[in-house]
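Colleague: Sharing a structure here in structure tokens format.
The values are calculated or read from the model by the stated rules, or taken from the named source; none is laboratory data. Nothing here was measured: the structure is a model prediction, and the numbers come from that model. FYI the Cβ positions are ideal-geometry reconstructions off the backbone, even for glycines, and counts take in every protein chain you see. The accessibility values were calculated without ligands, DNA or RNA, using every heavy atom of the protein model including side chains. Shrake-Rupley method; radii C 1.70, N 1.55, O 1.52, S 1.80 Å.
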Amino acid sequence: MDGIRMLFGCHVSIREGYLGAAKAAKAMNASAFQYFPKNPRSLSVKDFNREDAVLCRAFCKEHEIFSIAHTPYPTSLTPQPEKQELTIKSLLNDLEIASACGSAGVVVHFGNPISNKDPLAGYQLMIEMLNQILSHWEGHCLILLENTAGHPGSMGTTMEELVQVRSLCEHRDQIGFCLDTCHAFASNLWNGENLNKFLKKGEELGYFDHLKAIHFNNSKYPAGSGKDRHANIFNKGHITEKQFDQLIKAEPFRRLPLILETPSGEGIEHHEEIELLIKRWGNSHD
């Protein structure tokens, strides 16, 4: 595995624009970053600065920086009926912005149950929403479905669900995955001790064929807790350095960008954490 360039990064602000976000990532020595394409608290449609987005794309290409966008917090693939149209428009806007910035995809959280009587209703609505969004989208930017952090058995905690929802969509080629390590740990999908089983299942299902990015987060709670509380990689988390080492050395993860969504200001800042990642795992896996 010598000579493989590991891509490390974190979530950055677009306060200084899209080009500013890319420059902020480079200033941290990051080779990847994630950003909110617009106000993270709103399902608005943003009339964005296209020139700024094009400059971001060119900068990232020149410096070989990978990027993904993340939908605003209110985005749900299982929205209430009155919010469905707004959600579709908002997500198409996210895709347009991310595509203009040269990003690989837009991360969207898996949906939630919507009926006590019909456990399949949530999945059916997700597929319907994805079909509607992607029937209007022709760009290269993907929707990246993210695994959830619920208790084992919650919706969106297994690779089977993610793969099945993608396979049932009319535009599956425009859908990929983003794996969150804290969520995987919290839901017992990957608990640090079951790596071989996790890898075997992911390979059999074809999950890894469409995995585009990793949200690289430690967990403040033990495996199987169901709690979505991120911790810093090397500081007070329940996932050990050895467990992370085994995961990112595994074949499916060797060339994937590892993007931090870890707490800032809990004894370590993101630029320091990225430096530690580079020092620990660097450009090869010796």
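Colleague: Hey, in the GNM for the chain with a 10 angstrom Cα cutoff, which one of A186, A21, A121 fluctuates hardest?
Modeller: A121
Colleague: Given H placed on each backbone N at 1.01 Å, which residues far from L144 in sequence or on other chains put an amide H within less than 5 Å of it?
Modeller: V106, V107, V108, G176
Colleague: Determine the equivalent ellipsoid of segment 138-286 by diagonalising the alpha-carbon gyration tensor, then write out the semi-axes as square roots of 5 times the eigenvalues, largest first, rounded to whole Å.
Modeller: 25, 18, 15
Colleague: Now for a separate question. At 7 Å along the Cα-to-beta-carbon direction for both R5 and Y73, put a label point, then send me their distance in nm to one decimal.
Modeller: About 3.6 nm separates the two model spin labels.
Colleague: Please give the per residue accessible area of the chain, computed with a probe of 1.4 Å over protein heavy atoms only, in Å².
Modeller: Accessible area per residue, the chain: 46 Å².
Colleague: Once the convex hull of the C-alpha atoms of segment 215-286 is built, how many Å³ does it hold per residue, rounded to a whole number?
Modeller: 94
Colleague: Taking θ = phi - 60°, what integer Hz values does the Karplus form 6.51 cos²θ - 1.76 cosθ + 1.60 yield along segment 198-208, in sequence order, with x for Gly and Pro?
Modeller: Ordered by residue, 3J(HN,Hα) equals 4, 5, 4, 5, x, 5, 4, 7, x, 4, 5 Hz.
Colleague: At a Förster distance of 45 Å, what's the computed FRET efficiency of E128 paired with K61, Cβ-Cβ distance as r, to 0.05?
Modeller: Once rounded, the FRET efficiency stands at 0.80.
Colleague: Please get the size of the charge dipole for the chain, origin at its Cα centre, with Cβ charges of +1 on Lys and Arg and -1 on Asp and Glu, quoted in debye to the nearest 20. Present the calculation step by step, with values, prior to reporting the outcome.
Modeller: Values: 29 positive and 35 negative charges, 67 e Å.
For this selection, approximately 320 debye.
Colleague: Using θ = phi - 60° and the Karplus form 6.51 cos²θ - 1.76 cosθ + 1.60, what ³J(HN,Hα) does each residue of segment 141-147 get, whole Hz, x for Gly and Pro?
Modeller: 5, 9, 8, 10, 6, 9, 5
Colleague: Give or take rounding to whole Å, what are the principal axis extents of the alpha carbon atoms in segment 1-128, in descending order?
Modeller: Here the spans come out as 52, 41, 19 Å, largest first.
Colleague: Same structure again: Just to be sure I understand the model, the point goes 7 Å from the Cα along the line to the Cβ. What's the resulting E160 to L86 distance in nm?
Modeller: Calculated label separation equals 3.6 nm.
Colleague: Let me ask you something else. Would you mind computing the Rg to Rh ratio of the chain from its alpha-carbon coordinates, Kirkwood style for Rh? The partial results should precede the final answer.
Modeller: Working: Rg = 18.0 Å, Rh = 19.1 Å.
Reported Rg/Rh, Kirkwood definition of Rh: 0.94.
Colleague: By how many nm would the segment from R229 to K279 grow when fully extended, if each residue of separation counts as 0.36 nm and the alpha-carbon distance is taken off?
Modeller: My answer for the length gained is 15.5 nm.
Colleague: Apply 1/(1 + (r/R0)^6) to the Cβ-Cβ distance of H171 and K242, taking R0 = 41 Å, and write down the FRET efficiency to the nearest 0.05. If you can, show how the numbers build up before the last one.
Modeller: Working: r = 40 Å, r/R0 = 0.98.
The pair H171/K242 has a calculated efficiency of 0.55.
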